[in-house]
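Asks: Submitted below is the structure of interest, expressed as structure tokens.
The values are calculated or read from the model by the stated rules, or taken from the named source; none is laboratory data. The shown structure was predicted, so the numbers you read here are calculated from the model rather than taken from an experiment. Don't worry about glycine lacking a Cβ; one is built from the backbone with ideal geometry, like all the others, and counts go over all protein chains shown. Please note that ligands, DNA and RNA were not included when accessible areas were found on the heavy atoms of the full protein model with its side chains. Shrake-Rupley method; radii C 1.70, N 1.55, O 1.52, S 1.80 Å.
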Amino acid sequence: MTVTNPITNLQTLIRCASVTPAEGGALTALTDMLAPLGFKIERMTASEPGTPDIENLYARLGTGGPHLMFAGHTDVVPVGDAASWSHPPFAAEIADGELFGRGAVDMKGGIACFVAAVARHIEKHGKPAGSISFLITGDEEGPAINGTVKLLQWAAERGETWDASLVGEPTNPDRLGDMIKIGRRGSVSGTITVHGVQGHAAYPHLADNPVRSIIKLTEALLDPPFDAGTDNFQPSNLEVTTIDVGNTATNVIPAKATAAFNIRFNDTWTADTLKAEILARLDAAATDQTLRPGRPPAKYDIVWSERPSQVFLTRNNALIASLSSAIENITGQRPALSTTGGTSDARFIKDYCPVVEFGLVGQTMHMVDERVALSDLETLTEIYQTFIQRWFENAEL
């Protein structure tokens, strides 16, 4: 296997049908790529009651510092209707200068390119004056319980430490070089339940319609805005994602109403201060009698998601400058430093070392006919190769 070629690397990985939680042979294929380069490879399986077991991989080249970690995932989302694909989703076929397959962009392509970049670096410069590791999970597209979180803990318990991490998620909106992710907004979710009194719609005085209160409570969460944004983050934004009463009858006032919401928040807040603000808004709205004149405060409860994501921002100059200059050197474009988008496994890695994200163009991820331009695979490999060299030169600065 010529692992300096990102195209053949990616074809090998795509042909492994590793739909979460299946390993599908992808970690074995990655082992076969990394072992000839001198990496020490370990596989660990993480378990949690009520969730599927997940196979993960940790590989390290070198024993000393500085230590650069590349993080990613080999699991992919389901293909949907395979008959709708122009090419079989796990065939890794090439047509018109593009490679088709589930995971081509998100994110087997990034892994394939980083493997090729490391192999080229070794060919040109020998092994790095430090260490490079791969931290690869099979649970990023799933519940993210038995993946990166436990793999990091497992590695740290064995004495592993890292100086910086690059996550190979597809960060570019339109073309390679557009964007580096240097942080992520936090995320908090919850479900509100308003308790009323069921009754006949013709006799509202004998009932208490919870729909009236859920309207006021959700309204309080949507307005006023939580903040106006900060220097590094856009304004925090809350979306009500469901409102439901589970009622199929038009002449029955329901006994309860529920509303689910998610808020993506900036560094104005922590998860705890944001929860306190939400509760204050709900308590005030519960006493609003606009839709329930003469009624006592609405009775509600709230259940928070178990694992909120904290906001974070990376300020490591050696990491950001090394990657930015590598991108500009190869593409001629200075990337934007962004904190937009959803969450990623970087939210776990930031507790262990500075982390940034940069990978392929994300326009076809999770779609039918997910695909990547062959030219982008070569360009990303060149960016990664240049980044590796520059990071080791700058890591002690």
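Asks: In nm, what is the difference between 0.36 nm times the number of residues separating ASP96 and ALA336 and their Cα-Cα distance?
Replies: On the way: separation 240, 0.36 × 240 = 86.40 nm, distance 2.98 nm.
In short, 83.4 nm is gained.
Asks: Over the chain, with every protein chain in place, what whole percent of the accessible area is carbon and sulfur at 1.4 Å, could you tell me? List each step's numbers first, then the result.
Replies: Working: 8340 of 16710 Å².
About 50 percent, which is the carbon plus sulfur part of the accessible surface.
Asks: Right, something else. Which entry in [x] 19.3; [y] 22.2; [z] 20.6 is this structure's computed mean projected area of the Cα convex hull in nm²?
Replies: [y]
Asks: What lysines sit close enough to LYS181 to cross-link, taking a C-alpha to C-alpha distance under 16 Å and skipping anything fewer than 8 places away on the same chain?
Replies: Counting by Cα, and skipping residues close in sequence, LYS181 has these lysines nearby: LYS350.
Asks: Rounded to the nearest 5, what % of DSSP beta bridges with both residues in the chain are antiparallel? Can you show the working numbers first?
Replies: Values: 48 of 67 bridges.
Expressed as a percentage, antiparallel bridges in the chain total about 70.
Asks: Quick one: accessible surface of VAL3, probe radius 1.4 Å, all protein chains present, in square angstrom to the nearest 10.
Replies: Rounded to the nearest 10, that gives 20 Å².
Asks: Additional query: Amide H to amide H under 5 Å from ALA164: which residues, 5+ apart in sequence or cross-chain, H placed 1.01 Å off N in plane?
Replies: HIS67, MET69
Asks: For the chain, what is the calculated [θ] at 222 nm in deg cm²/dmol (nearest 500), taking -39500 (n - 2.57) for each run of four or more DSSP H residues and dividing by its residue count? Kindly include the intermediate steps, with their values, before the conclusion.
Replies: Values: 9 runs with 115 residues, N = 397.
Taking each H run of at least 4 residues, the total per residue is -9000 deg cm²/dmol.
Asks: Something else about it: How much net charge surrounds THR314 when only the other residues with a Cβ under 13 Å from the Cβ of THR314 are counted, with Lys and Arg +1 and Asp and Glu -1?
Replies: Details: positive: LYS181, ARG184, ARG315, ARG347, LYS350; negative: ASP163, ASP267, ASP351, GLU357.
Around THR314, the charge tally is +1.
Asks: At 1.4 Å probe size, put HIS73, HIS87, HIS205, HIS366 in order of accessible surface, largest to smallest. Don't skip to the answer; put the middle values down first.
Replies: Numbers: HIS73 0, HIS87 35, HIS205 130, HIS366 90 Å².
Result of the area sort, largest leading: HIS205, HIS366, HIS87, HIS73.
Asks: Run the 1.4 Å probe and let me know the accessible area of LEU282, rounded to the nearest 10 Å².
Replies: Ignoring ligands and nucleic acids, LEU282 comes out at about 0 Å².
Asks: Of LYS40/LYS150; LYS108/LYS275; LYS40/LYS124; LYS127/LYS150; LYS216/LYS256; LYS216/LYS275, which pairs sit farther than 26 Å apart, going by alpha carbon to alpha carbon?
Replies: Details: LYS40/LYS150 19 Å; LYS108/LYS275 36 Å; LYS40/LYS124 21 Å; LYS127/LYS150 28 Å; LYS216/LYS256 14 Å; LYS216/LYS275 18 Å.
From LYS40/LYS150; LYS108/LYS275; LYS40/LYS124; LYS127/LYS150; LYS216/LYS256; LYS216/LYS275, over 26 Å: LYS108/LYS275; LYS127/LYS150.
Asks: For ILE94, ILE41, ILE253, write out the residues from largest to smallest accessible area, computed with a 1.4 angstrom probe and no ligands counted.
Replies: Working: ILE94 80, ILE41 45, ILE253 15 Å².
So the residues, ranked largest to smallest area, are ILE94, ILE41, ILE253.
Asks: Give me the percent relative contact order of region 6-164, please, defined on Cα pairs under 8 angstrom at least 6 residues apart. Don't skip to the answer; put the middle values down first.
Replies: Numbers: 290 pairs, mean separation 54.9, N = 159.
Relative contact order of region 6-164: 35 percent.
Asks: Accessible area of ARG120, 1.4 Å probe, to the nearest 10 Å²?
Replies: It works out to around 50 Å².
Asks: With a cut-off of 8 Å between alpha carbons and a minimum separation of six or more residues, what is the relative contact order of the chain in percent?
Replies: Numbers: 880 pairs, mean separation 95.0, N = 397.
Over the chain, the number comes to 24 percent.
Asks: Still on this structure, I have one more. Roughly how many Å² is the accessible area per residue of region 201-315, as a whole number, for a 1.4 Å probe?
Replies: Numbers: 6470 Å² over 115 residues.
Ligands and nucleic acids excluded, the figure is 56 Å² per residue.
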